[in-house]
1. Hey, what's the chain come to in accessible area per residue, 1.4 Å probe, Å²?
2. What number comes out for the charge environment of Leu181, summing +1 per Lys or Arg and -1 per Asp or Glu over other residues with Cβ under 9 Å away?
3. Work through the residues other than Val225 whose Cβ is under 14 Å from its Cβ and net out their charges, Lys, Arg +1 and Asp, Glu -1.
4. Say the cut-off is 26 Å between C-alpha atoms; which of Lys228/Lys294; Lys83/Lys298; Lys50/Lys193; Lys2/Lys140; Lys31/Lys282 go over it?
5. Go through 125-131, 106-112 and give me the packing order, highest mean Cβ count within 10 Å leading.
6. With a/c under 1.5 counting as rounded, go ahead and sort segment 3-305 into rounded, prolate or oblate using the C-alpha gyration tensor (a ≥ b ≥ c being the square roots of the eigenvalues; past the cut-off, prolate if a/b is larger than b/c, else oblate).
7. Restricting to DSSP loop positions (anything but H, G, I, E, B) with no more than 13 other Cβ atoms inside 10 Å of their own Cβ, which trypsin sites (Lys or Arg not before Pro) remain in segment 222-268?
8. Tell me the net charge near Thr306. Cut-off is 14 Å between Cβ atoms, Thr306 excluded, with +1 for each Lys or Arg and -1 for each Asp or Glu.
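The values are calculated or read from the model by the stated rules, or taken from the named source; none is laboratory data. No experiment lies behind these values; they were computed from the predicted model shown. Don't worry about glycine lacking a Cβ; one is built from the backbone with ideal geometry, like all the others, and counts go over all protein chains shown. Each accessible area value is taken on the protein alone, full model and side chains, heavy atoms only, with ligands, DNA and RNA left out. Shrake-Rupley method; radii C 1.70, N 1.55, O 1.52, S 1.80 Å.
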Amino acid sequence: MKIPVIFDCDPGHDDALALVMACASEKLDIKAVTVCAGNAALEKTLVNAKRILRLLGQSAPLAAGAARPLLREPVYAPDIHGKSGLDGAPLPPPDYPQERAGAAELQRRIISQSPEPVTIIATGPLTNIAILFSAFPEVKQNIARISFMGGSAGAGNWTAAAEFNFYADPEAADIVLSSGLPLLMSGLNVTEKAFITRDEIDAIRAFGGRTPVLIAALLDFYLGVYMKRGFPGAALHDPCAVASLTNPELFSAHPYHVTVETRGKYTAGMSLVDIRRRSDAKPNVTVNMDVDRKGFIKLLMDAAGTY
Ligand code: BDR
Ligand code: CA
């Protein structure tokens, strides 16, 4: 039986790739897509989500969520994702229906009506999920788990200490980390190992057909950014939140106690993954620590080949 999923995102190149993977997976049933501000302002991430869902021929309900973090001023990432938040490819127009309801209301509806506990995949700042838990705490009873991209069991990328999604809304990350729900974390320590190379992108393009060619064009843009920064390829952060759910055999994971700094002058948004051998802190998160990169890329390629 397929896992019912709510996909919360801020597309974003790697969010788009995560949607490619999730929508292609025979193991997942995408019940709804919800969008928050993050890589770009909400009006842009929403348009980007519509373009991608249209490209992928989806029909899941889509709703707009938070335009800003819970407490802080918004931060965006145009240096990584371009002005639109998803530069680099002539994507289809954003002709995709949008629910009248906002993200939290749509999420509540899906979760409360689902006969099976729903899994949330979250690939942006965790604002929408924190709002859902604050507005409708009862939904937690019917959530199986949350697989999110955020934080790091190591260094940051937005600041020396903090990863972008956690930095953008540390208070929301705190609410999710302390939710008591089963959590699966793909942080930078693993997502930067899940990179795609020039040759692998060219192999996707060589599939031919409109969708693989557009996926490759998005990856070309994204790769350029990462190459300039000295990476061996483009880090596919968000697809790890999908792949570690559908194909856990590609990842090695460990339960750890994870918290997020909400106050530090230099460390706001930093995740603290307690990897001490003799720590008595109770694990609250299953943390992906390593990935079989080749197997992960094969999964992505197979997904791209289905369109
Ligand atoms: C995360 O930040 C965003 O730029 C990406 O989409 C990803 O979710 C990586 O730090
Ligand atoms: Ca993202």
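1. With the other protein chains kept in place, the chain gives 41 Å² per residue.
2. +2
3. Net of charged neighbours comes to -1.
4. Result: Lys83/Lys298; Lys50/Lys193; Lys31/Lys282 exceed 26 Å.
5. The peptides rank, most packed first, as 125-131, 106-112.
6. rounded
7. In loop regions of segment 222-268 (DSSP not H, G, I, E or B), the sparsely surrounded trypsin sites (Lys or Arg not before Pro) are Arg229, Arg263, Lys265.
8. +1
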